[in-house]
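Step one of this worksheet: look at the structure below.
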Amino acid sequence: MAQKQQDQELLQYESRIKVPYTWSVGEVGSRFLMELKENRKIWATRCPSCDMVFVPPKKTCTYCFSDIHEWVEVKDEGVLQTFTVVRYETPLIPGKPPYIIGIIMLDGADTGLVHLIAGVPHDKVKVGMRVKAVFEEKRKGHILDINHFKPI
Amino acid sequence: MNGVEDITIIGVGQTAIEREKPADTFADMAYEAVTKALDDAGMSIDDIDNIVTTSNDFWDGRTISSMAVNDAVGAGLGKNITTVEGDGTFSAFYGMCRILSGSYKNSLIVTHVKGSISDNIHITNGIFDPIYMRPIGLDSLNTAALQMRRYMAKYGISEEQCAKVSVKNHANALKNPYAQIKKTFTLEDVMDSRLIADPLKLLDCSPISDGAAAVIISGEESAKKHKNAVKVRGVGYCADAYFLGDRDLADANALDMAASRAYESAEIVDPLSEIDVAEVYDAFSYMELMWYEGLGFCAPGGGGKLIDRGVTEMDGKLPVNPSGGLLSGHPVITGGLIRLIEACLQVRGDAGDHQVKGVKTALAHGVNGACGQSHCVWIVGR
Amino acid sequence: MTNQGVDLLTINSGEAEQPFCYTVGLEGSKFLTEIRDNKRFVGIKCPKCGKVYVPPRKVCGPCFTEMTEWVPVKDEGYLHSYTILRFAFLDPETGKEKPVPYGYAFIRLDGADTDFQHYVEIKDEKKVKIGARVRAVFEEKRAGKITDVKHFVVID
Amino acid sequence: MAKEKTAIVATGQTHHRSSRLDVNGIELIHEAVTRCLEDGELTIDDIDAVVIGNMDHFEGINYVDTWSIDGSGAFMKPIIKVTTGGTTGSTVGHCGYHLVASGMFDKVLAIGWEKNSESDTTAAITTAFDPIWDRLVFAGAISGLAVEAMAYMVKYGATEKDAARVAVRDRKHATNNPYAQLRKEVSIEDVMNSPMLSDPIKLLDVCPRTDGACAVVFASEQYAEKICDRPAWIHGISAKHPYNYLGDYDWEDRLPSMQMASKELYAKAGIKEPLKEIDVMELYLPYSCAGLSWIEALGLCGPGQAPKLLWDGVTDMGGELPINPSGGVIATNCIGATALLRISEAAVQVMGRGGKRQVPDVNTALASGFGGCFWSDVTLLKSTKPK
């Protein structure tokens, strides 16, 4: 695109940053994702000091900074705390708009899990509705091994 | 907190906020803001003994984004320089500490961004953790929508109440020569604007912008008598938990903490009565209501009623964002520093057509991270 | 349950990239359009210290002075310093490796007081030395980019 | 002088490795923070504010200050991110110093980290340079350094062998440091025979890529001696970042930014003969030749005299002024942490906590940072309180 100022054509340089990344999940996160993959189960970690149960799991408590070693299983269903129906297109989403993103408080957990919501008309989604995880048939140890959460 | 009573802000400068500045590099924008701030302070670059630049490598598309502006802000003269990555209110805090530490007398704080050169969705997706949140496609828009819904659900706030913020701030922007969007919008305009991510509509969102800003902070005794000197009375900043599910998005606990620290230093007990004008980080309309609560202008959940009662209108008890706020122009990184500049102009009586009468004490607010995770609050006054 | 013996996973960004459309600015545009349209180098001169900058920019850093005076700079100069790159790395713009070896040089163009960074041809490595005279070779098709200069060649 | 006298009272670092798949970035940071708190017998509740830094495009994480909360312990605390490229670590350290010296906070945790295994390091570094002027024809960080080495060697007659002597020293020192990544000695022949990367720099002349983190606690006078029996007091800092473009740099002039920074620092701290008055240096030397020209910039000897100093053993352990007892950057380079590690290691020497890498009787230590466009930061630490 070229514009002019003081009779000088103004150039722009179209470019991109394409540095490839390979992020470490770490032991704690790997255990969580492998449980999704192998057993379709959602595991959390529990803080020994303040008893908070974290999903996704933490190695350290956000609130009291204690080291966490204890694992607890939480249910694959819970309560929708908030949601949005996304109307714009982005290459970063698996799927086409409109689609729904929500935060779910799973039964047994004390922190919300951000995930996709589907299997419900957009005007029927409500804060407070119960939802359940729908697992992918082919799983690879990834947060999207849960395809989405659907209303019960 | 102690010691801020020795600190004054003696020069401010900002570029016009525009959708795109095709003739200006980062350095050109920074140079314009710096020279304006120096002029405003009646100083030359020789009077500056240290510099804090402020930029973000993701927004600028460049690792070490500060490298683009060093010459244009005076580092080529061999001055001690550093760089904060985050909102300008945070770098101003560091600039102030560099004086309080006894190391320097006058700090030049500079911020810049060019939202026009990249894609907001890609840049803000990068805020989110790549293991659990980035694959869900989170960005600044859809997470704001999650927060807005949560806030509305918890406290019974209506979409109309949020929309009123947009109407108010856009009306205020008509009188600000630096604002990007200068257009009158009615409540219906906002409510009928295109859905971005329910319940967030186009006119609930701030635009994409280019801009730079600079302030000069002084610790010199003589600066207190400077014609443009504005006293710093208190500053506080604080961060909340990172994962969106780790906090109740409806509550601005970190802002509450940051504000408490600033108020303690400024000896403010009843902010609604003691503060004359506030410039807050209204990246989205609903946020302004949440920030009223975090800043203690009302109780949690009271933001909707405050806007209904007109308390924060230009002629209200505590006008908020007389400049038009970020909803009328949002150069990220620079956004908070412009709030601080506007607060200083209000205290000086130099805000022109959007001047609030009789301002003695003003508040400025900046934010880092998604959904207002980290806040910085400044109190300035005569 | 414990973490013992768990497979350590990684997450890959795959083909993800961030698009940018960088602003060249007034001075940079003048420089690049001169090369594109006229195969000519221009520099910008500081009114205070007299230094001629290539590539041009608005502010002379050491003087903190705005510059507006354009001066011609030759497409010849000497190698101020250089290296020959022999290991390949990913180009962040393409995500692919550039072929090696190639010469990477800082060239002091006649009439300029700063170095111009570019490739130097290394067909005859013996001739590539600090102080060697070099000349720009321009691309036939030019697009207003720094790569409108193909590389520099040693001329003596 | 400073309003509040400020000292480093605790340090912590990870065991540095080329890759740490067992932890994500947040957990890596947490390791260094935990070790640092343990070193000072502190808990996170003792910390008033946090400073953190790295380079965004190495991990592809935007807003690391807010992202890192679980690792840094900054939940409901003030946290700020500072970053200046290679000098990020010293920038972090200097920020920690100013925040305490200002009187605004009593105990500040400063963190530098990098997980270089998560991206292609050279591709990521290349994004540090100007997209219009530098990036399209840029040849990676090593080539930039090679250009400098070439100019220095041609002008002053130093040789590749002289440079190799620096790598041999640092790698030998690293064998004493349990945290270092490369802990195997190399010989002059090993260095000379290693593959040429970018003339005249060979594989064993340069730093590795590292996953690692470093954390340091700065404390005010009121707390410093309660936390640490021999705190490392900050006596001066300087940060000079005078260039935007590599083409503006004067290749033969032996790191002018370091000359400016050290001159200012010595004036502040009253140092006249650095070689005699300073007991140990931890320098950010990302490649071997820097260990020649940059110590000239630091005023340890005249132009072109560094090779003699090296071969005479002056900078070895047991020499008059040991440089990099930790093994330095050639043994470990987690970039955002690297310059903070220099400050941390200098503090460790002053505190007398260096174990096998301890230099006897350290009263004065200097740390440097290098990065960006040939920028330099310096920090001076002493066992005695500033006046």
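The values are calculated or read from the model by the stated rules, or taken from the named source; none is laboratory data. Computed from a prediction, not measured in an experiment: that's the story for all the values here. Quick reminder, even Gly has a Cβ in these numbers, built from the backbone with ideal geometry, and neighbours come from all protein chains shown. Remember, those area values only see protein heavy atoms, side chains included, never the ligands or the DNA or RNA. Shrake-Rupley method; radii C 1.70, N 1.55, O 1.52, S 1.80 Å.
Okay, here's what the table says:
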quantity: Estimated FRET transfer efficiency (residue A:49, residue D:76; beta-carbon r; R0 22 Å; 0.05); calculated: 0.90
quantity: Helix B:140-155 vs. chain B, principal-axis angle (Cα, 0 to 90°, nearest 10); calculated: 60 degrees
quantity: Relative contact order [Cα under 8 Å, 6+ residues apart], the stretch C:25-154, whole percent; calculated: 23 percent
quantity: Over 22 Å between alpha carbons, listed pairs B:164/B:231; A:18/B:114; B:227/B:357; calculated: B:164/B:231
quantity: Positions from the stretch A:39-60 whose accessible area shrinks by 20 Å² or more when the full protein complex is built, not the chain alone, probe 1.4 Å; calculated: A:43, A:56, A:58, A:59, A:60
quantity: Cα centroid separation, the stretch B:67-81 to the stretch D:184-243 (Å); calculated: 25 Å
quantity: Exercise: per-residue mean of other protein chain Cβ atoms within 10 Å, B:18-24; calculated: 6
quantity: Proximal aspartates and glutamates relative to residue A:138, as straight alpha-carbon distance under 19 Å, when same-chain residues fewer than 8 apart are discounted; calculated: A:35, A:38, A:76, C:7
quantity: Virtual paramagnetic centre 7 Å along Cα→Cβ of residue C:88, amide N under 19 Å, in the stretch C:104-122; calculated: C:104, C:122
quantity: Buried accessible area, chains A and C (both chains, 1.4 Å probe, Å² to nearest 100); calculated: 3400 Å²
quantity: Loop-resident sites, the stretch D:178-239, for trypsin sites (Lys or Arg not before Pro), counting at most 14 other Cβ within 10 Å (DSSP); calculated: D:184
quantity: Distant-in-sequence amide H partners of residue B:11 (H built 1.01 Å from N, under 5 Å); calculated: B:216
quantity: Span-rule helices in chain D, defined as complete DSSP H runs reaching 18 Å or more along the axis (Cα) with Kyte mean at least 0.5; calculated: D:141-156, D:335-351
quantity: Low-density loop positions, GluC sites (Glu not before Pro), the stretch C:1-102 - DSSP coil, at most 13 other Cβ in 10 Å; calculated: C:15
quantity: Residue A:150 versus residue C:15: modelled label distance in nm, points set 7 Å from Cα along the beta carbon direction; calculated: 3.0 nm
quantity: Placed amide H near residue C:90: partners under 5 Å, 5+ positions off or other chain; calculated: D:123
quantity: Separation between Cα centres of the stretch C:103-119 and the stretch B:165-183, rounded to whole Å; calculated: 48 Å
quantity: Distance in nm between pseudo-label sites at residue B:272 and residue C:135 (7 Å out along the Cβ direction from Cα); calculated: 8.0 nm
quantity: Highest-MSF residue in chain D out of D:345, D:185, D:148 [GNM, Cα springs under 10 Å]; calculated: D:185
quantity: Accessible area of the stretch A:23-151 divided out per residue, in Å², using a probe of 1.4 angstrom; calculated: 40 Å²
quantity: Heavy-atom accessible area per residue - the stretch C:25-154, 1.4 Å, Å²; calculated: 42 Å²
quantity: Peptide-level mean, for D:244-257, of C-beta atoms on other protein chains within 10 Å; calculated: 5
quantity: Relative contact order [Cα under 8 Å, 6+ residues apart], chain A, whole percent; calculated: 19 percent
quantity: Degrees separating the helix B:26-41 axis from the principal Cα axis of chain B, which is the longest one; calculated: 70 degrees
quantity: Shielded residues, the stretch D:195-225 - accessible-area loss of 10 Å² or more between chain alone and all protein chains, probe 1.4 Å; calculated: D:196, D:197, D:198, D:199
quantity: Theoretical FRET efficiency, 1/(1+(r/R0)^6), r = Cβ-Cβ of residue C:126 and residue B:16, R0 45 Å, to 0.05; calculated: 0.20
quantity: In degrees, nearest ten, helix A:26-39 long axis to first principal axis of chain A (Cα); calculated: 70 degrees
quantity: Efficiency of FRET from Cβ geometry, residue D:193 and residue D:17, R₀ 30 Å, rounded to 0.05; calculated: 0.70
quantity: Two-site label geometry, residue B:186 and residue D:385: point separation in nm, points 7 Å out along Cα→Cβ; calculated: 7.1 nm
quantity: Protein accessible surface hidden between C and B, which excludes ligands and nucleic acids, total in Å², probe 1.4 Å; calculated: 1800 Å²
quantity: Residue with peak Gaussian network fluctuation, chain B [Cα springs, cutoff 10 Å], from B:186, B:35, B:111; calculated: B:186
quantity: Fluctuation leader among A:87, A:40, A:139 - chain A, Gaussian network, Cα springs under 10 angstrom; calculated: A:87
quantity: Average accessible surface area per residue within the stretch B:266-334, 1.4 Å rolling probe, Å²; calculated: 26 Å²
quantity: Heavy-atom accessible surface that D and B bury in contact, both chains counted, 1.4 Å, Å² to 100; calculated: 4900 Å²
quantity: Interface residues, the stretch C:134-149 - accessible area loss of 10 Å² or more versus chain alone, probe 1.4 Å; calculated: C:144, C:145, C:146, C:147
quantity: Fraction of accessible area attributable to carbon and sulfur, the protein assembly as shown (%, probe 1.4 Å); calculated: 48 percent
